[in-house]
Amino acid sequence: MPVETAAREQIVAHAIREISHIATLPEITLKIVSIVEDPSSTAQDLHTVISKDPALCTRVLKVVNSAFYGLPGQIGSINRAIVLLGLNAVKNIAIAASLAKLFKGGSLTPNFSAKDLWAHSLATGTATRLLAEQMKLALIDEAFVAGLIHDIGIMVQLQWDRSKLVEVLEKTAAAPQPADMLAFELAVFGATHQDFGAALSEKWKFPKSFTTVIGHHHNPMELPPEQRTLAAMVFVADRLTAEIKAGFLADIANIEIPAEIVETLNITAEDIAVVRAKLPDAIRLSETVLG
Ligand SMILES: [Fe+2]
Ligand SMILES: [Fe+2]
C-alpha cells in the first residue's frame, strides 16, 4: 500500500474512533440497518422495531402518506405501508426518517451550518430519487437515502475538528479560481469527506452500495463500471441541487455534468431537463415531510 494511502487511512480511522459519540447511530437506526442487510428479515421484524419508537413511526407515516407515493393520506399503519409499498421501500424510508437528528449544530461560518448541510442532503436525495424515477429504476427509495447521506463525511469533519473544517471552507471560498474543497481537505485534514464518510458508513454497517456512493460521489468514473450507477446518479443530483443553490455547496466547483457521466447512466439531456424541472417542488415536499 502506498505510504500516502496508509497515512490517509490512519487519519480516518483515528477520527472515526475519536468521534464515537456521533459515530454511534441511534440504536433504532442500527436495528433498521441490520434488518435491511439481512435477506431473511420479514415485514414483521421491521414493524416491531419501528413501532417501538412512536416519533419515528409518525415520521415514516408522514413520508408514505406524502404525494411522493401517490396514495396521499391513505396509509394508517406501518404494516399497511409495507403491504402497499414493499418492505424494501419502507426500510429505506425508515433510515431516512431516522437520520435528520444527526445533522444538528449551529452555524460554523457565515457559509456553513449543519442545517445547510441537511438542506443540501435532502435536496440531493430528492434529485437522486427523481433521477431514479426518470430512469425507471426499481431502487427509488435506496436512491433517496444514497443522496441523503452522500456528504455525511462533512459531519465527521465537523465533529472531529471544527477549526480545520472552518479553515477548509475559508480556503475554498478564497481560492482565486472556483475550486471544490477536496484538495483543501487533503491539505488540512489529510483526508477528504469521501474518506471520512465511507469509513463512518462502514462502521455503521451500512449497505455496501451506500459506502461506495459516499466514497466516490465526486469521482464515480474511478469505480468499476458495474458499481458506478448510484454514485454517478448522486454526482448528477449534487450538481442539479447546486444549480438552484439548495443549501451547502462548497464541495462542488462547477455545475457541469460531464458527458461521460451522462453516458454511463445512459440518460439523455431531456431526462436531466425533466428532473431539473420537477426538482424545486419535490424539494419543498421533502422539506415538509423530513425537514
Ligand atoms: Fe461531497
Ligand atoms: Fe453534496
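Derivation of every value follows stated rules applied to the coordinates shown; laboratory data play no part. On a predicted model such as this, the values are computed, not experimentally measured, just so you know. Cβ atoms come from the backbone with ideal geometry, glycine included; neighbour counts cover every protein chain shown.
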- Nearest 10 degrees, 0 to 90: helix 87-99 Cα axis against the chain principal axis: 50
- Item | Listed peptides 183-191, 113-121, 140-148 by packing density, highest first (mean Cβ within 10 Å) | 140-148, 113-121, 183-191
- Query: Once both labels are modelled 7 Å past Cα along the beta-carbon direction, what's the residue 208-residue 187 spacing in nm?
  - Reply: 3.7
- Message: Along the Cα→Cβ direction, 7 angstrom out, place labels at residue 164 and residue 274. What is the inter-label distance in nm?
- Response: 4.4
- In degrees between 0 and 90, to the nearest 10, how far off the longest principal axis of the chain does helix 114-134 point, with axes built from Cα atoms? 60
- Query: If you line up the long axis of helix 3-18 against the longest principal axis of the chain, both from Cα atoms, how many degrees apart are they, to the nearest 10?
  - Reply: 50
- Message: Run the numbers for residue 42 and residue 256: contour at 0.36 nm per residue of separation, minus the present Cα-Cα distance, in nm.
- Response: 72.8 nm
- For residue 181, enumerate residues with amide H under 5 Å from its amide H, sequence gap 5+ or separate chain, H modeled in the peptide plane. 251, 252
- Task: Note the full-extension length gain between residue 30 and residue 227 as 0.36 nm times their separation in residues minus their Cα-Cα distance, in nm to one decimal.
- Result: 68.5 nm
- Compute the FRET efficiency between residue 18 and residue 133 as 1/(1 + (r/R0)^6), taking r as their Cβ-Cβ distance and R0 = 35 Å, and round to the nearest 0.05. 0.30
- Message: Taking a ≥ b ≥ c as the square roots of the Cα gyration tensor eigenvalues, with a/c under 1.5 meaning rounded and otherwise prolate when a/b beats b/c, else oblate, which class fits region 79-152?
- Response: oblate
- Note on the structure: Asserting the computed 222 nm helical MRE of the chain (DSSP H runs at least 4 long, -39500 (n - 2.57) per run, divided by residue count, to nearest 500) equals -20500 deg cm²/dmol
- Item | Residue order, fewest to most surrounding Cβ atoms within 10 angstrom, among 216, 150, 14, 193 | 14, 216, 193, 150
- Item | residue 175/residue 74 FRET efficiency (R0 51 Å; Cβ-Cβ; nearest 0.05) | 0.50
- Query: For 9, 263, what ranking results if the residue with the fewest other Cβ atoms within 10 Å of its Cβ goes first?
  - Reply: 263, 9
- Note on the structure: Cβ density ranking, 10 Å radius, fewest first, applied to 50, 75 yields 75, 50
